[in-house]
Amino acid sequence: MKSLRSLLIVSGLSLATLTAVHAVESEAGYIDIGKLVPSADGEFVEVNLSPGLLKFAAKVAAKEDPEAAELIGNIKRIRVNVVGLDATNREGNIAKIAEIRHELEVQGWMQMVTVRDKKGGDNVDIHVKHRGDEAIEGLVITVIDGKGEAVFVNIVGDIRPEQLSKLAARLHINGLDHIAALAAK
């Protein structure tokens, strides 16, 4: 009887884990990048904000800034990776970012911003996945900067251009207002 109960518990946990992984992967706007490789000196940052944490943050922000709280409440997931690049990981991480960019194109994401500094500077792409004319389901920013870092950002949710514009104006975020204007087109 104990072994049957153990088998049922393990089976249930396995099913729950697979369901959770599938739910994340099937979210429109989510991109699975796998793992970026840290440099030999270990410079690596990874931030994953889950739906529960974002809902909590929206509730906290609601009293101070309802517009920001609404935007945060509509976001399902945020992932940010920053990786230092050196001779040990540069080639692999640059190839990974190129692969991600290609996959976004194949999946029909719209490339909104491209920056290529020919003097060894920044290499930036910003892609969005639209849901009709009313919202953005996903935003992906990939950066290979001339200072030796690779950056990946994926924001998943129901992101409305008017919310981005209001938030950018309220918080004086240069650049975000331009993204909001492009997204509204």
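State all residues of segment 63-85 that are over 23 Å from K129 (Cα atoms) and in a helix (DSSP H, G or I); if no residue qualifies, say none.
P66
Out of R101, R77, R90, R131, I need the residue that is surrounded by 15 or more Cβ atoms within 10 Å (Cβ to Cβ), under 15 Å from V156 (Cβ atoms) and not aliphatic (A, V, I, L, M). Which one?
R77
Which residue is nearest to the chain's Cα centre (by Cα), if the candidates are limited to segment 25-62 and must be assigned to a loop (DSSP other than H, G, I, E, B) and among the β-branched types (V, I, T)?
For segment 25-62, the residue satisfying everything is I31.
Among the candidates T142, T114, single out the residue that is under 20 Å from I31 (Cβ atoms), surrounded by fewer than 18 Cβ atoms within 10 Å (Cβ to Cβ) and in contact with an Asp or Glu (Cβ under 9 Å, 6 or more places away or on another chain).
Of the residues listed, the single one that is under 20 Å from I31 (Cβ atoms), surrounded by fewer than 18 Cβ atoms within 10 Å (Cβ to Cβ) and in contact with an Asp or Glu (Cβ under 9 Å, 6 or more places away or on another chain) is T114.
Out of the residues in segment 86-142 meeting the condition of being among the hydroxyl-bearing types (S, T, Y) and not in a loop (DSSP other than H, G, I, E, B), tell me which one is modelled with the highest pLDDT.
Among them, the one singled out is T142.
The values are calculated or read from the model by the stated rules, or taken from the named source; none is laboratory data. The structure displayed is predicted, hence computed values, not measured ones. Virtual Cβ from ideal backbone geometry, glycine too; neighbours counted across all protein chains shown.
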